[in-house]
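The values are calculated or read from the model by the stated rules, or taken from the named source; none is laboratory data. Not measured: the values here are computed from a predicted model. Because the Cβ atoms are built from the backbone with ideal geometry, glycine has one as well, and the counts that use them run over all protein chains shown.
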Amino acid sequence: MNTRNLSAAPKTGELKGVRGLMLTFTQDPFLHDESKCYKLYTDGLAVIRDGRFIDVGEYSEIVGKYPELKDIDVHEKSLIIPGMIDCHLHYVQSSMIGSFGKSLLEWLNTYTFPTESKFRDKAFADEVAKIFFRQILSQGTTSANIFATTFAESVDAIFEESERYNTRIISGKVLQDRNLPESLRDPDTEGSIILTEKLMEKWHKRGRQLYAIVPRFAPTSTPLQLQLAGELYQRNLDRGVYMHTHLDEAQSEIDWVAELYPDRKNFTDVYDYYGLLGRSSVLAHCCIVREDEWQTLYKRECGVAHCPSSNLFLGDGEFKFWEAKNPQRPVKVGMATDVGGGTNFSIFRQLGEAYKVAMLQSHSLSAVQSLYLATRGAAEVLHLDNCIGSIAPGYEADMAVIDLAPTEFAEWRLSFAEGIFEKLFVLMTLGLDNMNRATYVAGRKVFDRHRTPQFLYADGAK
Ligand code: GUN
Ligand code: ZN
């Protein structure tokens, strides 16, 4: 890689260029002819000013328009893609990835709840937030929809670290007032909503930060908490506030919801009844979903986060994207790691697992579909497809630089693959930890595998 500018930050109004093989999506390959869903620039140039793309095209066609453009990062043996987007994960579970468990509910009780109880301590939350961001950025993830936990400290810590990188994230206080240890439980239901509102006013749309109302899942909220959360969501939906929760992950969980909410038609209906479903609702997992539930998710314009490594690790169930993407009522789907149920922070590795989950059910997932789920598809789930997830004029300049020669073996193996999508499929399958070379956030290179230091905050600080 030839990088002329080693500092992270171009100055206000200055032009910055990023050049190389470049891929971006324009529409959904589950619903349209794959070959019409993306743009591939063989020697592309993205021109950036003040954190946004102002022009994108073949280098030879557009460079002449910008005589003042001097600062160009050239990426060879790489593929530049939009920064990847993780639609659902728990930063507060970073320290418990790979905890042995016998089932989802047992795993939550044994490892998750005690781990999250530690986030009352702001210093601990700050330490984990810092490690977490280094992990996602090193994997090429530039935006994420992140569970914090009960405590305001856990919310402040993740947003503060996100502000340092100027990343666009969604997070919020988790609402949970029953069926979990006292150390983690909201002591007072109405107080939990007041605290949510306070944090929402503090963080929603502060820079690139966005707020979500986050009931953990139906079993850990009283009907009153879901009702108040739903009312709050409906009052704030038009301001772009989110609702983020878990849905239809495992049969034992679905059975428990049926016992706790006997008057509701199904799990989805619990959330719908309390006003929690809308165009900015994100539902994680959705492995075991009945047709009437898909209909509701479609009607309410909700998005779904597919978490394959977590579903395999916890033995939950198998996501069916062909059901989600029924052309009669297509539901938006994006990729997610679900760390710490998920076993790593890499969206690329999730794609490898998603393929296997599909194959086990006699379906497959193409490289075009996969990369869409990691970028534009995920942006649609987060209702942000007008500002992130694409390399196009007007979009925020978040990018990942995929290494097409991450190891000696991978380079050799890829030499037998024809075309970029065949190569990408091999990379997803190999699941390497170092296949992201550099990460740009709003036009600034915040991560570079070959730079010292590898990470820089948006203001250039280490
Ligand atoms: N359902 C409720 N909470 C959780 C969680 O933390 N992880 C997963 N995978 N499922 C959940
Ligand atoms: Zn989760």
Which listed residue, of 100, 113, is touching a residue at least 24 places away in the same chain (Cβ under 8 Å) and aromatic (Phe, Trp, Tyr): 113
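Report whether or not residue 366 is within 14 Å of residue 138 (Cβ to Cβ) and of a type in the set (S, T, N, Q). Break it down stepwise before answering.
Working: within 14 Å of residue 138 (Cβ to Cβ): no; of a type in the set (S, T, N, Q): yes.
It is false that residue 366 is within 14 Å of residue 138 (Cβ to Cβ) and of a type in the set (S, T, N, Q).
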Test: residue in segment 249-268 that is within 11 Å of ligand 1 (Cβ to nearest atom), within 26 Å of residue 211 (Cα to Cα) and in contact with an Asp or Glu (Cβ under 6 Å, 6 or more places away or on another chain): yes
Exclusive hit being away from ligand 1 (no atom under 16 Å from the Cβ), in contact (Cβ under 8 Å) with a residue 12 or more places away in the chain and hydrophobic (A, V, I, L, M, F, W, C), set 92, 56: 56
Failed condition for residue 220, given (1) of a type outside the set (A, V, I, L, M, F, W, C); (2) within 16 Å of ligand 2 (Cβ to nearest atom); (3) more than 25 Å from residue 447 (Cβ to Cβ); (4) buried (at least 24 other Cβ atoms within 10 Å of the Cβ): (4)
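Residue-by-condition table, conditions (1) surrounded by fewer than 24 Cβ atoms within 10 Å (Cβ to Cβ); (2) in a helix (DSSP H, G or I); (3) of a type in the set (Gly, Ala, Ser); (4) more than 22 Å from the chain's Cα centre (by Cα):
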| site | (1), (2), (3), (4) |
| --- | --- |
| 102 | yes, no, no, yes |
| 125 | no, yes, yes, no |
| 135 | yes, yes, no, no |
| 178 | yes, no, no, yes |
| 183 | yes, no, yes, yes |
| 193 | yes, yes, no, yes |
Check on residue 339, out of contact with any Pro (no Cβ under 6 Å at 6 or more places or on another chain), closer than 24 Å to residue 142 by Cα and away from ligand 2 (no atom under 12 Å from the Cβ): no
Residue in segment 230-252 that is surrounded by fewer than 17 Cβ atoms within 10 Å (Cβ to Cβ), under 22 Å from residue 187 (Cα atoms) and modelled with pLDDT of 95 or more present: yes
Lone qualifier among 102, 77 - being charged (D, E, K, R) and under 30 Å from residue 10 (Cα atoms): 77
Single condition residue 105 does not satisfy, out of (1) within 12 Å of ligand 1 (Cβ to nearest atom); (2) out of contact with any Pro (no Cβ under 9 Å at 6 or more places or on another chain): (2)
All positions within segment 339-366 that are under 18 Å from the mean Cα position of the chain (by Cα) and among the small types (Gly, Ala, Ser): 340, 341, 342, 346, 352, 354
Members of segment 59-74 that are in contact (Cβ under 8 Å) with a residue 60 or more places away in the chain and either among the hydrophobic types (A, V, I, L, M, F, W, C) or over 10 Å from residue 15 (Cα atoms) (or both): 72, 73, 74
